[in-house]
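Asker: Pasting a structure below so you can have a look.
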Amino acid sequence: MSAIVILVIVVVLAIIVIGMYNGLVRLRNQVQNAWAQIDVQLKRRHDLIPNLVETVKGYMKYEQETLEKVIKARGAAMTAQGVAATAQAENQLTSTLKSLFALVENYPDLKANQNMLQLQEELTTTENRIAFARQHFNDSVMTFNTALQTFPRNIIAGMFGFKASEFFAAAEAEREPVKVQF
Amino acid sequence: MPATGMYDLIRANKRNSWLLVMVLCLILAAVAGAGGAYFGGNDPLPSMLVFGMIGLGIAMIGGLTSYFMGAEMIMAVSRAHLADEADQRQLHNVLEELCIASGLPKPKLYIIEDNAPNAFACGRDPQHSAVAVTRGLMDKLSRNELQGVLAHELSHIQNYDILFATMIGILVGSIALLCDMLLRSMRWGVGGRRRSSDERSGGGQAQALLLVVALVLMILAPLFAQILQLAVSRQREYLADTSGAKMTRDPESLARALEKIAADPEPLAAANRGTQHLYIVNPLKGLSETQSWFATHPPLRERIARLRALT
């Protein structure tokens with residue numbers, strides 16, 4: 001009799017553990033998927049930059065330093081490992097690109113260049129996509145981390161070695177979230 | 001992030017669309033049945049049933065067509081063509097960014113070759129939706145303003161506002177077309193009847209039938225105008241404005257876009273009674289927007305003020 005009771009308890013416990021484990025895996029996959037979406041856009045930006053430098057070089061004789069900075073920031077962003085380090089390197093790249101585009105304003109010929117206009121549009125859209133994808137990624141991380149750190153899932157997480165994910169930090173000059181009231 | 005009460009809104013939009021189709025089926029069946037009874041002679045019941053069934057069939061076919069092909073029909077009526085991916089890079093980019101922000105699939109993107117700045121969305125659900133912008137909108141608005149307008153349209157898609165708006169648009173459009181045709185044929189019919197005096201009895205009967213149909217339409221027209229107003233209740237436009245602003249986190253750009261559209265004097269040639277309620281700003285200029293039966297949109301000044309209050 002008592003053997004049956006013990007068996008039932010063990011089976012129920014096993015089912016609960018399996019359910020929690022699967023839930024955590026699902027949330028972790030969502031985070032990874034959200035990250036993949038950011039990654040696509042980051043790669044896209046890295047691919048655009050050599051083209052940009054090539055276009056700008058002919059016009060900007062005296063701004064080599066700024067161009068060097070962009071190339072260096074791109075290199076650092078491409079080799080960065082992990083979410084936090086990547087976020088930092090990418091934000092650095094964003095700010096060097098900003099100062100480059102500020103300089104472009106001084107070159108009317110370059111500004112009117114068809115190739116340049118296209119590149120500018122592609123970089124703008126890529127940056128917007130990164131911003132929107134980051135929002136989605138951080139939402140997923142928040143859900144995953146909360147599930148991971150609350151009782152009793154934190155026990156399961158400890159047993160199977162789940163680790164909290166890092167947030168993708170935004171650069172300083174970000175659009176503020178809008179407060180909506182209905 | 002879904003807006004508060006979004007799911008109630010989606011449910012209401014689906015329910016209203018069903019109701020609309022069912023009411024339409026009943027009305028058409030009843031009108032056709034009455035017609036059948038009138039021409040049925042001594043034994044009106046069989047012809048009433050047959051005509052009633054035919055009316056019901058026509059209504060059902062109409063409902064199914066506008067459900068499955070509504071977006072294409074409205075785009076054709078609005079003289080819109082698909083936007084080329086390579087030529088319209090920026091427009092496609094802006095829409096794709098917003099799809100990332102909202103998690104919606106990318107709608108089909110159309111362009112209307114007209115200088116009046118305006119835009120609308122239609123379709124039956126987010127998977128089968130379409131957005132149209134005018135050439136004037138692309139020329140006159142900045143990139144961020146364009147993004148605000150498209151975010152407003154995507155909010156309509158997300159809330160299923162497009163479903164009801166599309167169905168009612170095709171219905172009102174068909175009725176308006178029918179009314180125009182009828183009016184024209186009656187005007188010509190007066191001249192034509194004199195010549196064919198030997199067919200007087202047949203012509204007289206057809207004339208009477210036309211008169212009855214015209215009468216029914218005249219009675220129904222204000223009713224549909226009322227429904228049209230419901231389709232674009234102020235609440236829905238405000239909601240699409242705010243959720244659009246929430247999507248882009250930039251209410252100021254949408255406010256500026258609305259200002260520019262409001263200040264533009266050009267009317268939109270391809271807009272008509274059946275499609276006016278779809279647009280972000282009512283394209284039929286000359287109607288003062290605060291009053292009247294035809295005020296399908298809330299006053300722009302109020303919409304802009306509400307957007308500015310968000311920042």
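The values are calculated or read from the model by the stated rules, or taken from the named source; none is laboratory data. Quick caveat: nothing in here was measured; it's all calculated off a predicted structure. Ideal geometry is used to build each Cβ from the backbone, glycine not excepted, and the neighbour counts take in all protein chains shown.
Asker: Can you give me the number of residues within region A:54-81 that are farther than 19 Å from A:Gln118 by Cβ and out of contact with any helix residue (DSSP H, G or I) (no Cβ under 7 Å at 6 or more places or on another chain)?
Answerer: So the answer is 9.
Asker: A follow-up question, please. Mind listing whichever residues of region A:92-124 are within 15 Å of the chain's Cα centre (by Cα) and either within 14 Å of chain B (Cβ to nearest Cβ) or crowded, with 20+ Cβ neighbours inside 10 Å (or both)?
Answerer: Taking region A:92-124 and keeping what is within 15 Å of the chain's Cα centre (by Cα), we get A:92-94.
Hit for region A:92-124 is A:Leu93, nothing else.
Asker: Can B:Met138 be described as surrounded by fewer than 24 Cβ atoms within 10 Å (Cβ to Cβ) and without any contact (Cβ under 8 Å) to a residue 12 or more places away in the chain?
Answerer: So B:Met138 does not fit the description; no.
Asker: Within the set of pairs 6 or more residues apart or between chains, which connect a residue that is closer than 14 Å to B:Trp18 by Cβ and surrounded by 23 or more Cβ atoms within 10 Å (Cβ to Cβ) inside region B:153-173 to a residue that is of a type in the set (Asp, Glu) and at pLDDT 85 or above with Cβ atoms less than 8 Å apart?
Answerer: If the second residue must be of a type in the set (Asp, Glu) and at pLDDT 85 or above, the pairs left are B:Tyr160/B:Asp125; B:Leu163/B:Asp125.
Asker: Moving on to the next point. Among the residues of region B:65-116, which ones are of a type in the set (Val, Ile, Thr) and out of contact with any Lys or Arg (no Cβ under 8 Å at 6 or more places or on another chain)?
Answerer: B:Thr65, B:Ile74, B:Val77
Asker: I've got another one for you. Any residue in region A:55-78 that is within 27 Å of B:Gly103 (Cβ to Cβ) and surrounded by 15 or more Cβ atoms within 10 Å (Cβ to Cβ)?
Answerer: So in region A:55-78, the residues within 27 Å of B:Gly103 (Cβ to Cβ) come out as A:77.
Those still in the list that are surrounded by 15 or more Cβ atoms within 10 Å (Cβ to Cβ) too: A:77.
Yes, because at least one residue in region A:55-78 is within 27 Å of B:Gly103 (Cβ to Cβ) and surrounded by 15 or more Cβ atoms within 10 Å (Cβ to Cβ).
Asker: I'd like the full set of residues that are of a type in the set (D, E, K, R) and in contact (Cβ under 8 Å) with a residue 40 or more places away in the chain, limited to region A:103-138.
Answerer: Those that are of a type in the set (D, E, K, R) and in contact (Cβ under 8 Å) with a residue 40 or more places away in the chain: A:Asp109, A:Glu122, A:Glu127, A:Arg129, A:Arg134.
Asker: Could you pull out every one of the helices (runs of 4 or more DSSP H) wholly within region B:1-111 that has 1 or more residues that are touching a Gly at 6+ places or on another chain (Cβ under 9 Å) and away from chain A (no Cβ under 14 Å)?
Answerer: Passing ranges, in order: B:6-39, B:44-77.
Asker: Ok, one more. Sort out which residues of region B:112-123 are over 10 Å from B:Leu150 (Cβ atoms) and either touching a residue at least 60 places away in the same chain (Cβ under 8 Å) or surrounded by fewer than 20 Cβ atoms within 10 Å (Cβ to Cβ) (or both), and write them in order of number.
Answerer: B:Ile112, B:Glu113, B:Asp114, B:Asn115, B:Ala116, B:Pro117, B:Asn118, B:Phe120, B:Cys122
Asker: Can you tell me which residue in region A:136-170 is nearest to the other protein chains (Cβ to nearest Cβ), limited to those that are aromatic (Phe, Trp, Tyr), surrounded by fewer than 18 Cβ atoms within 10 Å (Cβ to Cβ) and more than 20 Å from A:Gln81 (Cα to Cα)? If you could, list the steps in order and put the result at the bottom.
Answerer: So in region A:136-170, the residues aromatic (Phe, Trp, Tyr) come out as A:137, A:144, A:151, A:160, A:162, A:167-168.
Restricting the remaining residues to those that are surrounded by fewer than 18 Cβ atoms within 10 Å (Cβ to Cβ) gives A:151, A:160, A:167.
Okay, now just the ones that are also more than 20 Å from A:Gln81 (Cα to Cα), so A:151, A:160.
Working: A:Phe151: 27, A:Phe160: 29 Å.
For region A:136-170, the residue satisfying everything is A:Phe151.
Asker: While we're looking at this one, here's another question. Just give me the residues in region B:238-269 being surrounded by fewer than 24 Cβ atoms within 10 Å (Cβ to Cβ), more than 16 Å from B:Ser142 (Cα to Cα), more than 10 Å from chain A (Cβ to nearest Cβ) and not acidic (Asp, Glu), in sequence order.
Answerer: Across region B:238-269, the qualifying residues are B:Pro265, B:Pro267, B:Ala269.
Asker: Considering each residue of region B:124-135, count those that are surrounded by fewer than 24 Cβ atoms within 10 Å (Cβ to Cβ), without any contact (Cβ under 8 Å) to a residue 40 or more places away in the chain and within 19 Å of B:His81 (Cβ to Cβ), and give that number. Don't jump to the end; show me each part of the working.
Answerer: Going residue by residue through region B:124-135, those that are surrounded by fewer than 24 Cβ atoms within 10 Å (Cβ to Cβ) are B:124-128, B:130, B:135.
Now narrow it down to the ones that are without any contact (Cβ under 8 Å) to a residue 40 or more places away in the chain: B:125-127, B:135.
Filter once more, so that each one left must be within 19 Å of B:His81 (Cβ to Cβ): B:135.
Number satisfying all stated conditions: 1.
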